[in-house]
Every structure is written in C-alpha cells, then in structure tokens.
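Undergrad: Below is a structure I'd like to ask you about.
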Amino acid sequence: MPRKKPSPEEIVAKLRQVDVLVSQGRPVAEAVRTIGATSFTYYRWRKEYGGLKVDQVKRLKELEKENERLRKAVSDLTLEKLILKEAAFGKLVSPARRRQCIEHVMKKHGVKERLACRVLGQHRSTQRKAPKGRADDAALRADIIELATRYGRYGYRRIAALLREAGWVVNVKRVERIWRQEGLKVPAKQPKRGRLWLNDGSCVRLRPERPNHVWSYDFVEDRTHNGRKFRMLNVIDEFTRECLCIRIDRKLRSSDVIDVLSDLFILRGVPGHIRSDNGPEFIAKAVREWITAVGARTAFIEPGSPWENGYCESFNSKLRDELLNGEIFYSLAEARIVIESWRQHYNTKRPHSSLGYKPPAPAVVPWPAAPPQPASPATSNVADKPTMH
C-alpha cells in the first residue's frame with residue numbers, strides 16, 4: 001500500500017522535531033532519519049515550510065485557495081469577455097440568432113453550453129429546443145427568391161404583396177424574416193432635396209381629387225447600345241398613379257406632345273389639369289393653345305422645383321431604377337417593346353405602396369371619363385395653385 005503524502009501541518013511538525021533534536025546536539029542526518037525522510041526531502045521541506053508554524057501553514061493554505069479562486073474568476077471573466085466579443089458583431093435580437101452564436105462560441109472557445117447561455121442571455125431550454133419550421137417554408141422561400149431575382153429593385157413589402165396576389169396567405173413579418181435570412185437587400189438611393197415653402201410654412205401643390213382630374217407628363221432620356229439618344233414622354237394620372245402612355249422616339253417636339261395628348265383625350269376623356277415643368281415642348285404656344293381649345297387647363301411648376309411635379313418624378317425614378325438601369329437596348333424598336341411591356345406590368349401587376357400595395361389599374365376597363373368642360377373665354381388657361389395645409 002503506497003505511503004500517504006503528509007499534509008503541510010505534518011511536515012511543519014516533522015521540521016520542528018528535527019530542530020529540537022539538533023538543538024540537543026544530535027547530527028542533522030540522524031535527526032532526519034528519525035522522521036522517516038531522506039535528506040533531499042528534508043531540505044526541500046525546509047525550503048518550502050522552514051520557519052513556519054502550524055497556524056501560519058493553515059493561513060497559507062487559505063491564501064492559496066483564495067488565489068486559486070481569484071485566478072479562476074479572472075479566467076472566467078476573460079472567457080466571458082471573449083464570448084461577448086464574438087457576439088458583438090451583430091444584434092442578437094432573436095432566439096435563432098442567439099442559438100447560432102452560442103453554437104459558434106462553443107465550437108471556437110470550447111466552453112460549456114451552460115456558460116455560453118448564461119453570458120449571452122439565452123435560456124438553456126430555448127437553446128436545446130430544435131426549431132420546427134412550417135411545412136411550406138421551403139416553397140415560400142423559393143418563391144421569395146424567385147420574385148426578388150425577377151424584380152431586383154422591389155423590397156420585401158412589395159414582394160409580400162405579390163405573394164398574396166399569387167395565393168399565399170402570408171404576412172409581411174414572415175416575408176421580412178425569410179428576406180433577412182437569405183441576405184436579400186435593396187440599396188437605398190434617396191438624395192436630399194430642398195422644398196419650396198411659403199411664409200406660412202405650407203407647400204404649394206395642386207392635389208388630384210379624382211381620376212382624370214390632374215395628369216402630369218415629363219421627358220426621360222436614355223441611349224441605345226450604339227450611343228444614340230432617345231426620349232420618352234411619360235404621361236400619368238396623379239390620382240390613380242396609372243401610367244397612361246410612354247411615347248418613345250429619337251426626337252420629340254411640341255407637335256408630338258399634341259399628338260400623344262390627342263390620342264389620350266379621345267380614349268380617356270379630357271382631364272381637368274395637365275401638370276408639367278417649364279420645358280420648351282410644354283410651354284410652346286401651340287401646345288398651350290391646343291390644350292385650352294379642348295377644355296383642359298395647364299399647371300406649370302415653379303422653375304427649378306421638380307418636387308412640385310412629384311408624382312411624375314417618382315414614376316420616372318422607378319422607370320429608371322427598375323428598367324432602364326438594367327437593360328441594354330440594341331434598337332429603338334426593342335426599347336419600345338420592352339418599355340411598353342414594363343408599363344403594362346406597372347399598371348396591372350406591380351404593387352404600389354401608396355395604394356395599399358395594389359396595382360394602379362388591375363382591371364382592364366379604364367376609369368370612366370369625365371365629360372369635357374369647355375373653358376370660359378374669361379377664365380385663364382393656367383390653373384391656380386391652392387395652398388395645402
């Protein structure tokens with residue numbers, strides 16, 4: 001049976017015994033043999049415990065335990081700091097994110113699940129519970145990715161509207177969760193703009209009150225693959241947000257503006273007002289006289305204030321962002337076909353946020369045209385701009 005290792009108190013007692021024997025005149029080697037130890041062991045004990053008493057040895061043991069506890073506490077704090085540092089690169093606002101982070105910390109630092117859950121604030125039952133997805137998650141995820149691929153400039157809200165139109169019973173939060181898990185994102189492009197304010201702090205605007213009340217039109221330019229420029233005349237109904245027409249040609253003059261408006265007036269009736277900027281094609285005398293003759297009124301925005309024609313400017317930006325910036329047109333005929341197809345999609349399929357994520361004109365039947373009202377000779381052909389509060 002192996003000999004039991006003496007405790008520090010026993011070692012101190014043996015050293016005191018040797019000191020007593022040596023003080024009586026006995027040799028050190030003989031005194032060491034009486035305690036049953038070798039000279040090497042005796043001198044090692046003396047180096048470690050020499051001059052100590054039993055109570056001092058007990059205090060030394062307590063200090064060693066305290067030092068060990070402090071070292072462990074410092075080690076735990078350092079480990080917790082490392083765990084928190086691993087989780088500091090992203091927000092852990094959901095149990096799934098915390099679950100992934102805890103698994104990563106356990107694998108990287110070799111810590112127990114209990115410690116990682118305590119540091120990151122995750123309940124262990126939540127960590128161990130395997131998430132059960134819905135049976136249709138895979139199909140919904142595939143449809144979201146397919147729609148996001150097809151309409152690269154649509155956000156998750158507009159994608160959710162398209163899914164509901166396709167028959168999915170799904171809310172925006174579920175679509176957003178899958179959208180973020182797949183890393184889908186639409187970069188925001190929102191330049192800062194000033195506004196035109198009156199003394200009373202209100203913005204000048206003629207607001208549409210019904211279909212065919214206020215139309216607006218503007219030009220957009222682009223180029224074909226060979227570098228040649230072509231122009232687009234966009235006409236929209238500000239109340240319904242419907243794009244009534246996109247006329248495309250290499251050059252568009254005031255006569256072309258009259259030609260486009262005459263076709264639309266015959267098809268949809270004469271609107272109350274037509275809003276535009278102060279471009280030469282719009283302020284031309286022939287255009288203004290023709291619009292007055294058919295019973296409409298012009299509403300020109302202030303020079304250098306495109307936000308007053310905000311409905312048309314918004315449509316132009318969507319046209320450029322969702323189509324023109326991602327297409328190469330090799331001919332004018334191709335541009336006409338592709339842009340007209342996009343216009344039909346915009347009117348009948350594309351969800352519009354200001355319309356409750358409904359398309360501007362989902363039905364084939366257009367809005368009923370208001371009966372034309374001839375302008376009075378004493379009435380000005382320029383619409384007044386009421387102050388909106």
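Undergrad: How big is the accessible area of HIS273 in square angstrom, nearest 10, if you roll a 1.4 angstrom probe over the protein chains?
TA: HIS273 exposes around 20 Å² with every protein chain in place.
Undergrad: Round to the nearest 0.05 the FRET efficiency obtained for GLU68 and GLN24 when R0 = 35 Å and r is the Cβ-Cβ distance.
TA: For GLU68 and GLN24, the calculated efficiency is 0.30.
Undergrad: Here is a follow-up. Going Cα to Cα from LYS132, which lysines come in below 29 Å? Please leave out same-chain ones fewer than 8 positions away.
TA: Reachable lysines: LYS91, LYS107, LYS108, LYS112, LYS173, LYS185.
Undergrad: Something else about it: Jot down the radius of gyration and Dmax of the stretch 267-369, Cα atoms only, both in angstrom.
TA: Looking at the stretch 267-369, its Cα Rg and Dmax stand at 16.2, 41 Å.
Undergrad: So, in nm, how far is label GLU80 from label GLU327 when the simple model puts each one 7 Å beyond its Cα toward the Cβ?
TA: Taking the simple label geometry, GLU80 and GLU327 are separated by 6.0 nm.
Undergrad: Taking the Cα centre of the stretch 236-291 as origin, sum charge times position over the Cβ atoms of Lys and Arg (+1) and Asp and Glu (-1), and report the length of that vector in debye to the nearest 20.
TA: 140
Undergrad: Now for a separate question. Along the Cα→Cβ direction, 7 angstrom out, place labels at LYS58 and ARG33. What is the inter-label distance in nm?
TA: 3.6
Undergrad: Quick one: which residues, 5+ away or cross-chain, put their amide H under 5 Å from the amide H of CYS245? H built at 1.01 Å from N.
TA: VAL235
Undergrad: At what distance in angstrom do the alpha carbon centres of the stretch 325-351 and the stretch 253-286 lie from each other?
TA: Cα centroid to Cα centroid, the span is 22 Å.
Undergrad: If amide H atoms are built 1.01 Å from N in the plane of the peptide, which residues on other chains or at least 5 residues away come under 5 Å of the amide H of ALA299?
TA: ILE274, ARG275, SER276, ALA383
Undergrad: Sticking with this structure for a sec: ASN226 versus TRP307, label points 7 Å from Cα toward the beta carbon: distance in nm?
TA: Distance between label points: 4.2 nm.
Undergrad: Using each residue's phi in the stretch 263-276, evaluate 6.51 cos²θ - 1.76 cosθ + 1.60 at θ = phi - 60° and report the 3J(HN,Hα) Karplus result to the nearest Hz, with x for Gly and Pro.
TA: Here the 3J(HN,Hα) series is 4, 5, 5, 5, 7, 10, x, 8, x, x, 9, 10, 9, 7 Hz.
Undergrad: Additional query: Under a 5 Å amide H to amide H cut-off, with H placed in plane at 1.01 Å, what residues pair with HIS352 once short-range neighbours are removed?
TA: TYR357, LYS358
The values are calculated or read from the model by the stated rules, or taken from the named source; none is laboratory data. What you see is a predicted model; the values in this text were computed from it and never measured. Every residue, glycine among them, receives a Cβ derived from its backbone with ideal geometry; neighbour counts consider all protein chains shown. Surface accessibility is based on the protein's heavy atoms, side chains included, excluding ligands, DNA and RNA. Shrake-Rupley method; radii C 1.70, N 1.55, O 1.52, S 1.80 Å.
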